[in-house]
Amino acid sequence: MKKYLINNAMIVPVDDERSPYFKGDLLVEGERIEKIVERPGVIEPDSDTEIIVGENLIVMPGLVNGHGHTAMTLFRSYADDMPLQEWLEEKIWPIEELLSADDIYWGTLLGIAEMIKGGTTTFTDMYFFMDQVAKAAVESGMKAVLSRGLVGLTDEDEKGLQETEEFINRWHGEERGRINVTIGPHAPYTCPPEYLKKVMALAEKTGRPLQIHLSETRKEVEDSLRQWGFSPPEQLYNMGFFDYPVIAAHCVHLMERDFYLLQEKNVGVIHNPGSNLKLGSGIASAAGMLKEGIRVGLGTDGAASNNNLDMIEEMRLAALISKGASEDPTLIDAAAAMKMATVNGAEILGLSETGSLREGYKADLVGLRCDRPHLIPMHDPVAHLVYAAQAADVELVIVDGQILLEKGELKTLDEEKIKAEAEKCAFRLREGIKKKR
């Protein structure tokens, strides 16, 4: 059983039962955190323990990316500065029709490499060819919460439900629980009520949670009110969709009653500030949701609409835009933003043993170099992680006790091969869309 001792590090546990930060030691044994001591030099390592010098590290829980479409790294900078519907219908959906399983595999690995190097230990994915996504996650060592994207607009879409059930049976719980599967209807506007009822029946049969895009744009809400007489959350509430565990991405345009419905049904919301800003969708009231007792995590969305998978940046954006939009600097302080990116995200995804540094929890942790000019002086490590840190500061990433990144270098993946293969896939797709026109 592999053992690591991170000694004399600045530890930020994101655990209400401990100090917000302290200098101390952390012992990893096998897949779990064996011991955390709020004083350095107390844990005596045995001869089998590998020492990781923590003197210049801030150690925190691994970041949880609660919403994304990882293989969309292949579309990074392909279509920018456009409204969501135009972006989807004129640019993204046409090129997605050309995607192959091989594209998804390499695009996902590219995204995973980026996420690991930025301190993310768990990611969520809703896309196509999900066996390839699961395969990439297994090879990388990351935790993954996966769903095959479902759209219910044609007769062919019944096939998606069958493929989802098969995917659940094949992958859920694999790799000692590192791979989890959910059910992923895209959105109320692409999944009519009759189709959503079939999705709910599958959730009933399999016991798996649902993840869905919800109230992402003003147009989506206006169309729903005009067609159904209800907002998208009201529509889902009325049909019993929220009676199942639900991960709702975006929730930018909520009506007053929607807040109460989401809180009543314990719906987990994933706030995607970077993507929502870039697409001009608006600014979600994350502070308002938190005030109403709604669980809120953070996500990057896909790299086609962000254009990166940097969860440190999402923490900072979540705090800053709430303050700016409300003209209130007290909203979403650094500690709250960090909880959104760790504890809250893990809880919303149904992962009970990650998101915090606790004895007995899975060893999912990140170490960032704290001797960089932009992190000195160290008045408050929590504030530094949210307001000053950068993805490039990440030096160490451990998931389930396995080192995925050490001294800034990927240990489980061949970064150069991934970049080369992803570039080939992107070139083929670009050429394919030219011919399609």
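Quick notes on this structure:
- Computed over the Cα atoms of the range 314-437, pair by distinct pair, the Kirkwood hydrodynamic radius stands at 17.5 angstrom.
- Sites M255 and E139, calculated FRET efficiency, Cβ-Cβ separation with R0 56 Å, nearest 0.05: 0.80
- Over the chain, dividing the summed -39,500 (n - 2.57) contributions of all DSSP H runs of at least 4 residues by the number of residues returns a 222 nm mean residue ellipticity of -10500 deg cm²/dmol.
- Legend: calculated FRET efficiency, V37 to D223, from the Cβ-Cβ distance at R0 = 45 Å, rounded to 0.05, equals 0.20.
- Highest average first, the peptides 364-377, 56-69 ordered by how many other beta carbon atoms sit within 10 Å of their residues are 56-69, 364-377.
- Calculated FRET value between D16 and E264, using beta carbons and R₀ = 22 Å, to 0.05: 0.35
- Residue-span extension gain [E204 to Y387] - 0.36 nm each, minus C-alpha spacing: 61.7 nm
- The alpha-carbon positions of the range 63-348 define a convex hull whose volume is 117 Å³ per residue.
- If you sort the three axes of the alpha carbon gyration tensor as a ≥ b ≥ c, you get a/c of 1.5 or more for the range 195-247 and a/b above b/c, which makes it prolate.
- Projecting label points 7 angstrom from Cα along Cα→Cβ for E156 and K291 puts them 4.7 nm apart.
- Interchain or long-range residues, amide H under 5 Å from L349's placed H: none
- Distance from the C-alpha centroid of the range 141-171 to that of the range 35-55: 44 Å, rounded to the whole angstrom.
Every number in this text was worked out from the coordinates using simple rules, so none of it is lab data. Everything numeric in this text was worked out from a predicted model, so none of it was measured. Methodologically, a virtual Cβ is constructed for each residue, glycine included, from the backbone with ideal geometry; neighbour enumeration extends over all protein chains shown.
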